[in-house]
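Step one of this worksheet: look at the structure below.
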Amino acid sequence: MTLRRLLTVAILCAGIVLLKATQASTNPSELHKVVPHATGVPTLYQSVVRRCQLLIGHGHRPWCGEVAYTPGFNEGPTVARAALQGIKEFADPTHGVDRPDTGPLDWRWNYSTGLWGAHSLQHWWQSAMAMRTLVRYLEVTHSTDPAYQQILMRTYQRESGHTPGETPFAIAKDDFVNAFMDDTAWWGQAWLEASKYELNYRHDVADARTFLKLAEFDASFIAKQQKSCGGIVWQIGFPSDTVTNAEYMTLVAGLASYRKQAGPFHDPGKASMWIGQAQATLSWLESHKLIDIRKGTVRDTLNGACNGLIGGPITYTEGEVAEALVQVGTALHDSSYYQQANQFLKYVLSKQSTMVNSKGIIQEPCERASNGCTGTLLYFDELSWKGILVQAFLDYTTATGSAEYGSFLRRQAVAIVHNAVVRPDGRPGNCQTPDSCQFVFYWGWPLTPSRSAFVNHATQMDALDALTAALAVPANSPPKTF
């Protein structure tokens with residue numbers, strides 16, 4: 001028997017063992033607490049690895065612990081169905097309508113609060129990205145479903161304090177600003193996307209104007225704050241960092257494009273102002289060596305003395321810098337910025353980055369660790385980073401018309417529908433109903449004891465970003481098999 005056939009048998013056996021053990025589990029949500037070598041009996045993970053090793057030998061690659069399902073073995077939902085049902089689970093306008101403010105909150109959008117998740121700083125900024133995920137899905141599918149419009153309006157009214165008799169739930173001032181410039185920039189991007197959706201798909205100029213005003217207010221608020229080392233700070237009184245400046249550049253370049261186009265919001269003066277801000281921010285990032293366009297790499301932040309760099313490439317920072325360059329290129333009609341953006345995307349796909357596994361699936365580098373990213377200080381932040389990176393790949397593809405990353409984007413969606421769909425009890429989902437269409441953090445291989453079935457708004461929106469991207473790219477070639 002050839003190695004290829006032996007590997008296929010190993011994959012099937014591993015999948016069967018995993019599926020049966022998952023179905024027998026009485027508490028799948030606790031799987032992440034199990035350490036494979038901490039018990040005296042074989043765990044599910046050890047059993048799968050052992051069966052694989054017996055079939056193909058210890059010395060063969062890929063390592064048995066990272067064997068993924070072969071698409072078609074465990075029949076998953078279509079990408080379109082998974083996206084549709086996943087969005088319904090993610091954004092139900094009736095969810096929490098009757099919930100008193102003192103009641104429990106889960107990760108879904110909640111009518112009572114107007115946010116995804118609970119009252120915390122993390123859920124505040126991630127709600128901005130969640131709303132942008134929703135709007136991008138509506139744009140790609142050309143949906144004008146009034147239920148989702150209700151979510152946009154409720155979020156705006158509830159958090160800006162415009163709902164009579166209700167105190168805003170936000171950890172921010174009116175107009176979605178607070179002391180964190182990265183939070184404020186995420187909300188500015190979300191409201192800009194919402195404005196474009198209102199204008200181009202719902203043809204509601206009044207709502208589009210309302211949301212545009214909010215996006216520009218957020219951008220202006222960021223620009224007025226005191227800088228550190230000449231750059232935009234992630235929090236007032238703290239050093240400047242890469243991702244916040246890239247977020248701001250994305251926002252203002254997007255505003256410049258929006259103000260340049262013909263229509264009710266055409267304003268060449270504002271367009272010129274915003275693109276000038278974007279170019280100045282890019283120059284600052286380059287001059288302080290926070291980005292290296294030739295290598296396509298980023299550093300995380302400057303130290304307080306402005307004379308040292310801290311941290312290296314991170315998935316969402318690589319993605320947001322690429323996104324910013326794409327938006328600048330679009331605003332200026334200058335394809336050289338697309339070429340610069342592509343350097344960062346290419347770095348992500350390189351072996352050096354460790355941001356894509358051997359099967360071509362996006363992963364956080366910590367997913368290879370024994371704890372699968374859980375238990376780290378950044379865990380609840382890292383859950384939201386993949387979607388930002390996927391959006392950058394899609395926006396580059398859309399702006400350039402290139403087919404370079406079409407197969408890659410479709411591959412992420414195929415992995416998700418086969419590997420990452422669960423029900424609320426942690427068992428495999430089929431997306432026949434919204435509650436059977438929740439998405440876990442790990443896309444590239446089946447769940448194991450160190451890779452939990454944990455789901456929240458961040459894991460859901462990341463997967464939805466990838467599914468939306470797959471729906472958006474031309475289906476001119478099938479995704480490559482794993």
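Bear in mind that the values in this text are calculations on the coordinates, not laboratory data. These numbers come from a predicted model, not from an experiment. Here Cβ is always computed from backbone atoms with ideal geometry, including for glycine, and neighbour counts include all displayed protein chains.
Annotations
- Calculated log₁₀ intensity ratio I(q)/I(0) where the Debye formula runs over C-alpha points of the stretch 316-450, q = 0.21 Å⁻¹: -1.25
- Amide H to amide H, with H built 1.01 Å from N, Ala369 comes under 5 Å of no residue 5 or more places away or on another chain.
- The phi-based Karplus calculation (6.51 cos²θ - 1.76 cosθ + 1.60; θ = phi - 60°) puts the 3J(HN,Hα) values of the stretch 154-160 at 5, 4, 5, 5, 5, 8, 8 Hz, whole numbers, x for Gly and Pro.
- Sorting Ile293, Ile87, Ile310 from the fewest to the most surrounding beta carbons within 10 angstrom yields Ile310, Ile293, Ile87.
- Derived scalar couplings ³J(HN,Hα) [the stretch 135-140; Karplus, 6.51 cos²θ - 1.76 cosθ + 1.60; whole Hz; x for Gly, Pro]: 5, 5, 5, 4, 5, 5
- Shape of the stretch 159-211 from the C-alpha gyration tensor: oblate (a/c of 1.5 or more and a/b not above b/c, with a ≥ b ≥ c the square roots of its eigenvalues).
- Across the stretch 394-409, computed HN-Hα scalar couplings (Karplus, 6.51 cos²θ - 1.76 cosθ + 1.60, θ = phi - 60°) run 5, 5, 4, 4, 5, 5, 9, x, 6, 9, 4, 10, x, 5, 4, 5 Hz from first to last residue, x flagging Gly and Pro.
- Translational diffusion of the stretch 138-271, estimated by Stokes-Einstein from the Kirkwood radius over alpha carbon pairs at 10 °C in a medium of 1.306 mPa s, is 102 µm² per second.
- Computed log₁₀ I(q)/I(0) - Debye formula, equal Cα scatterers, no solvent, the stretch 138-181, q 0.23, 0.24, 0.29, 0.31 Å⁻¹: -0.78, -0.81, -0.94, -1.02
- Dividing the convex hull volume of the alpha-carbon atoms in the stretch 262-302 by its residue count gives 104 Å³ per residue.
- The stretch 257-366 - Rg and Dmax from Cα coordinates, angstrom: 16.1, 48
- Cross-link pairs Lys213/Lys289; Lys295/Lys359; Lys351/Lys386; Lys196/Lys224; Lys88/Lys196; Lys227/Lys289 - those with Cα-Cα distance over 28 Å: Lys213/Lys289
- When all alpha carbon pairs of the stretch 106-163 are counted in 10 Å bins from zero, the resulting P(r) reads 23, 55, 21, 1 %.
- You can think of it this way: the chain between Ser335 and Ser220 has 38.7 nm of extra reach, that is 0.36 nm per residue less the Cα-Cα gap.
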